[in-house]
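The values are calculated or read from the model by the stated rules, or taken from the named source; none is laboratory data. The structure displayed is predicted, hence computed values, not measured ones. Cβ sites come from the backbone with ideal geometry, for glycine too, and all protein chains shown count toward neighbours.
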Number of protein chains: 2
Amino acid sequence: MSVEGMIRTMADEAGKAARALRSIGRADKDAALNRMAGLLRRYSDRIREENAKDVARAREAGLSAAMIDRLTLTGPTIEGMAQGLEEVAGLPDPVGLVTGMWRRPNGLLVGRVRIPIGVIGFIYESRPNVTVDAAALCLKSGNAVILKGGSEAIQSNMVLAEILAEALQATGLPEKAVQVVPTTDREAVSILIGLDEDVDLIIPRGGEGLIRFVADHSKIPVLKHYKGVCHVYVDQDAEIPMAEEICYNAKVQRPGVCNAMETLLVHEGIAGRFLPAMIERFEKAGVEIRGCERTRSIAPQVRAAVAEDWPAEFLDLILAVKVVGDLEEALDHIERYGSKHTETIVTNDYARAQRFLGEVDSSVVLVNASTRFNDGNQLGLGAEIGINTSKLHAFGPMGLEELTTTKFIVYGSGQVRS
Amino acid sequence: MSVEGMIRTMADEAGKAARALRSIGRADKDAALNRMAGLLRRYSDRIREENAKDVARAREAGLSAAMIDRLTLTGPTIEGMAQGLEEVAGLPDPVGLVTGMWRRPNGLLVGRVRIPIGVIGFIYESRPNVTVDAAALCLKSGNAVILKGGSEAIQSNMVLAEILAEALQATGLPEKAVQVVPTTDREAVSILIGLDEDVDLIIPRGGEGLIRFVADHSKIPVLKHYKGVCHVYVDQDAEIPMAEEICYNAKVQRPGVCNAMETLLVHEGIAGRFLPAMIERFEKAGVEIRGCERTRSIAPQVRAAVAEDWPAEFLDLILAVKVVGDLEEALDHIERYGSKHTETIVTNDYARAQRFLGEVDSSVVLVNASTRFNDGNQLGLGAEIGINTSKLHAFGPMGLEELTTTKFIVYGSGQVRS
């Protein structure tokens with residue numbers, strides 16, 4: 001079959017599975033998730049065998065050690081995937097929740113109820129465990145999912161797909177509720193994102209190139225973020241030890257992720273007291289600082305920031321630092337260079353904290369906490385399938401509830417419109 | 001200036017206005033809306049003068065009487081627009097509502113708060129009063145809006161834009177919060193829907209051609225419905241007089257709108273008792289019936305339905321009628337031919353009513369009420385800017401709340417991630 005024929009068939013089967021899922025309740029979905037966990041453990045050796053083929057091919061292709069590390073599945077990572085499935089089984093089911101119900105003057109009883117979105121296309125470049133995580137979240141929220149993973153993980157993803165299908169079949173759920181695209185042909189992505197009659201939502205996860213390609217060519221709604229250019233603003237009334245801990249954590253704890261700090265803004269009234277020790281600590285941790293002129297007048301050893309540094313997502317131990325005259329200047333800088341992802345103010349000033357929370361137009365805005373908390377798990381959503389910086393549907397981290405929508409249900413007794 | 005330069009400038013100004021609107025509260029927005037209402041009344045003569053130019057041009061161009069009627073603004077229609085503004089002023093402000101707040105084990109206080117979406121592009125072909133309605137809803141929800149109306153209403157829209165801007169200025173709100181594209185050049189639409197860095201949401205309203213053009217070419221999220229192929233299913237346990245009233249209302253009360261019934265499905269167990277009188281009543285009202293074979297065996301005078309009739313949105317006094325063997329067949333038919341817009345079951349059977357509500361995948365699903373209730377006002381949203389049949393963001397009618405999104409706000413006390 002052609003790639004196009006194959007993807008169309010998969011979308012068609014996903015549509016049928018999605019329809020069946022509408023009337024499948026929590027107990028059955030949880031049973032399937034727990035069965036998946038059991039089968040992952042049972043087939044652990046087989047998963048590692050198939051994964052070893054991906055890893056061998058990656059070595060031949062000369063992929064970096066870091067990428068090979070991300071690709072490799074071990075006993076503990078497989079156990080982690082199994083536990084992840086069990087955790088999702090333990091989360092509340094968002095489907096069926098009536099978010100509001102009211103009676104109209106004419107007696108109509110109008111309610112809104114959470115329903116699955118339908119068919120989701122999930123396109124990713126990440127580690128093979130994302131295959132299992134995404135399948136679990138989509139299934140629990142009642143959606144059918146078509147998973148298109150990276151070509152380097154194809155053998156691993158195929159064996160995981162088989163195991164997930166076996167669990168679905170064994171527990172009486174539609175087997176096509178979770179499908180993995182069984183090809184590395186990149187055409188598959190172009191075809192999938194064009195099926196606007198059959199697919200309700202596309203979620204791309206990976207590098208900015210992949211995401212831009214999907215967003216530019218899809219006719220289907222896309223939830224995504226391109227990058228996270230996250231800021232910490234240290235106000236003149238910040239507690240310096242707290243500011244230091246927050247900034248250090250936001251930059252150094254895991255620099256390669258989207259919620260790491262990329263630019264530090266410091267009020268001029270505290271810069272002289274705060275920056276020298278902070279920059280020293282950063283430099284000890286291997287962070288390269290790129291500072292504005294005023295930063296460099298405080299710490300002359302620092303490299304001068306260039307225009308490209310302010311909108312940059314370094315994803316690395318690099319930090320842009322700017323001294324600002326006031327909160328207004330910090331807000332302007334964030335408005336101009338930010339990515340609507342995550343911004344933090346460190347302050348003990350009540351009015352400025354409230355103003356920052358109100359005026360910063362980012363999916364997560366924090367006072368006195370690390371940017372690293374923009375994460376579905378950390379914020380209490382229970383799990384996360386991604387972060388959305390478009391304003392529509394779900395601004396910010398997306399958990400199970402964000403994989404649903406609502407429809408109106410209306411109980412009448414013969415009402416007509418006059 | 002080129003059309004492109006003009007639209008880019010408008011989008012840029014809209015962005016600045018949207019930023020200012022973030023910190024403008026209800027009282028100021030309501031004052032502006034009420035001022036707009038006052039100015040519409042004051043300038044009623046001038047509006048009609050400008051409108052007369054549009055109407056004269058429409059007559060010269062040979063537009064239909066119905067279209068000229070829709071275009072014409074009279075004293076009462078202008079008064080209606082003013083009252084509409086006052087009604088929106090009276091509605092609750094969705095912005096700032098904290099939809100939930102919880103404390104995490106590490107002490108972080110995490111909340112979700114409603115915020116405006118930002119900059120909305122509203123593209124429409126309708127009557128000039130839509131200009132005022134859309135402006136009111138966007139302003140009240142804290143959004144800046146760029147309005148691109150139909151070329152036939154350009155003079156009317158321009159004078160309305162001037163009046164709205166005067167009201168914004170007089171009440172201290174950003175004048176560029178509401179802008180009307182001052183050209184009939186169709187290129188303006190293509191440019192507007194490509195500005196994905198500046199515009200957060202596109203809402204097209206009009207014919208299917210306009211909507212498909214926008215959806216196919218926009219890089220910005222689009223909320224829209226192509227058509228409403230709405231069904232009423234009369235179950236074997238329907239009360240016949242109730243079924244007759246609901247079906248008659250759904251088809252005849254206003255046949256040219258998206259929530260009118262286009263196909264009637266009737267259970268075979270009631271068809272013989274229900275259809276003869278129902279069809280007679282429809283025929284008296286001038287409705288042309290297109291029936292399946294079984295319908296024609298009951299009412300032989302009826303024209304035979306062809307394949308194209310089942311997915312058709314007639315928007316006219318035409319109705320497709322099909323007799324089905326059971327609820328399952330009705331659900332299958334709706335799944336295949338429906339547009340996810342509005343579906344009604346008429347029944348006194350509890351289990352089938354609940355099953356219909358649960359399994360029909362439409363934005364509004366009703367029991368024992370007319371399809372004509374899929375309307376923001378009728379369902380109690382207070383107002384409506386359109387109906388969305390994509391599953392994302394707001395499935396169904398969109399009121400003020402649906403013109404907002406939520407962001408996370410986090411109150412910490414120095415938390416970092418371990």
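Key figures for this structure:
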| item | result |
| --- | --- |
| Exclusive hit being crowded, with 22+ Cβ neighbours inside 10 Å and of a type in the set (Ser, Thr, Tyr), set B:218, B:190 | B:218 |
| Residues that are more than 13 Å from chain B (Cβ to nearest Cβ) and without any contact (Cβ under 8 Å) to a residue 40 or more places away in the chain, drawn from region A:209-235 | A:209 |
| Region A:380-392: number of residues that are surrounded by fewer than 22 Cβ atoms within 10 Å (Cβ to Cβ) and more than 11 Å from the chain's Cα centre (by Cα) | 4 |
| Sole exception among (1) buried (at least 24 other Cβ atoms within 10 Å of the Cβ); (2) more than 7 Å from chain B (Cβ to nearest Cβ); (3) within 15 Å of residue A:339 (Cα to Cα) for residue A:356, by number | (3) |
| Matching entry among B:372, B:336 (being basic (Lys, Arg), out of contact with any Ser or Thr (no Cβ under 6 Å at 6 or more places or on another chain) and more than 29 Å from residue A:107 (Cα to Cα)) | B:336 |
| Some residue of region A:379-389 being within 25 Å of residue B:106 (Cβ to Cβ), of a type in the set (Ser, Thr, Tyr) and in contact (Cβ under 8 Å) with a residue 60 or more places away in the chain | yes |
| Where residue A:408 falls short, out of the listed (1) in contact with a Gly (Cβ under 9 Å, 6 or more places away or on another chain); (2) closer than 30 Å to residue A:269 by Cβ; (3) assigned to a strand (DSSP E or B) | (2) |
| Residue among A:12, A:54 that is within 14 Å of chain B (Cβ to nearest Cβ) and either surrounded by fewer than 18 Cβ atoms within 10 Å (Cβ to Cβ) or more than 24 Å from the chain's Cα centre (by Cα) (or both) | A:12 |
| Residue that is under 29 Å from the mean Cα position of the chain (by Cα), buried (at least 17 other Cβ atoms within 10 Å of the Cβ), farther than 22 Å from residue B:244 by Cβ and at pLDDT 95 or above, where the choices are B:330, B:312, B:320 | B:312 |
| Which listed residue, of B:95, B:119, is assigned by TED's automatic domain parsing to the domain that holds residue B:179, buried (at least 20 other Cβ atoms within 10 Å of the Cβ), touching an Asp or Glu at 6+ places or on another chain (Cβ under 7 Å) and modelled with pLDDT of 95 or more | B:119 |
| Test for residue A:295: is it closer than 30 Å to residue A:390 by Cα and touching a residue at least 12 places away in the same chain (Cβ under 8 Å) | no |
| When residues of region A:124-164 are limited to those that are closer than 28 Å to residue B:361 by Cα and charged (D, E, K, R), the one surrounded by the most Cβ atoms within 10 Å (Cβ to Cβ) | A:140 |
| Subset of region B:224-277 that is more than 21 Å from residue B:397 (Cα to Cα) and of a type in the set (D, E, K, R) - its residue that is nearest to the chain's Cα centre (by Cα) | B:245 |
| Residue A:130 modelled with pLDDT under 95, in the same structural domain as residue A:188 (by TED's automatic domain parsing), within 23 Å of residue A:48 (Cα to Cα) and among the aliphatic types (A, V, I, L, M) | yes |
| Region A:376-393: number of residues that are facing chain B (nearest Cβ under 8 Å) and in a loop (DSSP other than H, G, I, E, B) | 5 |
| Residue list for region A:395-418, restricted to those being crowded, with 20+ Cβ neighbours inside 10 Å and within 8 Å of another protein chain (Cβ to nearest Cβ) | A:395, A:396, A:397, A:405, A:407, A:408, A:409, A:410, A:412, A:415 |
| Which numbered condition residue A:23 fails, given (1) in a helix (DSSP H, G or I); (2) touching a Gly at 6+ places or on another chain (Cβ under 7 Å) | (1) |
| Every residue from region B:221-268 that is among the basic types (Lys, Arg), in a loop (DSSP other than H, G, I, E, B) and more than 26 Å from residue A:197 (Cα to Cα) | B:254 |
| Filter result for residue A:402 (part of a helix (DSSP H, G or I) and under 18 Å from residue B:100 (Cβ atoms)) | yes |
| Residues of region B:9-58 satisfying the condition of being under 18 Å from residue B:175 (Cβ atoms), in contact (Cβ under 8 Å) with a residue 24 or more places away in the chain, out of contact with any Pro (no Cβ under 8 Å at 6 or more places or on another chain) and basic (Lys, Arg) | B:29, B:35 |
| Qualifying residue in region B:226-235 (condition: modelled with pLDDT of 95 or more, surrounded by fewer than 23 Cβ atoms within 10 Å (Cβ to Cβ), out of contact with any Gly (no Cβ under 8 Å at 6 or more places or on another chain) and not polar (S, T, N, Q)) | no |
| Residues satisfying the stated conditions in region A:193-208, i.e. within 10 Å of chain B (Cβ to nearest Cβ) and either surrounded by fewer than 20 Cβ atoms within 10 Å (Cβ to Cβ) or closer than 30 Å to residue A:271 by Cα (or both) | A:196 |
| When residues of region A:236-251 are limited to those that are more than 8 Å from chain B (Cβ to nearest Cβ) and among the acidic types (Asp, Glu), the one surrounded by the most Cβ atoms within 10 Å (Cβ to Cβ) | A:244 |
| Tally of residues being aliphatic (A, V, I, L, M) and surrounded by 14 or more Cβ atoms within 10 Å (Cβ to Cβ) across region A:57-74 | 6 |
| Which numbered condition residue A:100 fails, given (1) over 30 Å from residue A:402 (Cβ atoms); (2) surrounded by fewer than 21 Cβ atoms within 10 Å (Cβ to Cβ) | (1) |
| Subset tally (residues that are modelled with pLDDT of 95 or more, under 22 Å from the mean Cα position of the chain (by Cα) and part of a loop (DSSP other than H, G, I, E, B)) for region A:188-220 | 3 |
| Sole exception among (1) closer than 22 Å to residue B:260 by Cα; (2) in a helix (DSSP H, G or I); (3) at the interface with another protein chain (Cβ under 10 Å from one of its Cβ atoms); (4) touching a residue at least 12 places away in the same chain (Cβ under 8 Å) for residue B:334, by number | (3) |
| Within region A:363-375, considering residues that are facing another protein chain (nearest Cβ under 7 Å) and not in a strand (DSSP E or B), the one nearest to residue A:200 (Cα to Cα) | A:363 |
| All positions within region B:281-323 that are assigned to a strand (DSSP E or B) and farther than 21 Å from residue B:257 by Cβ | B:291, B:303, B:304, B:322, B:323 |
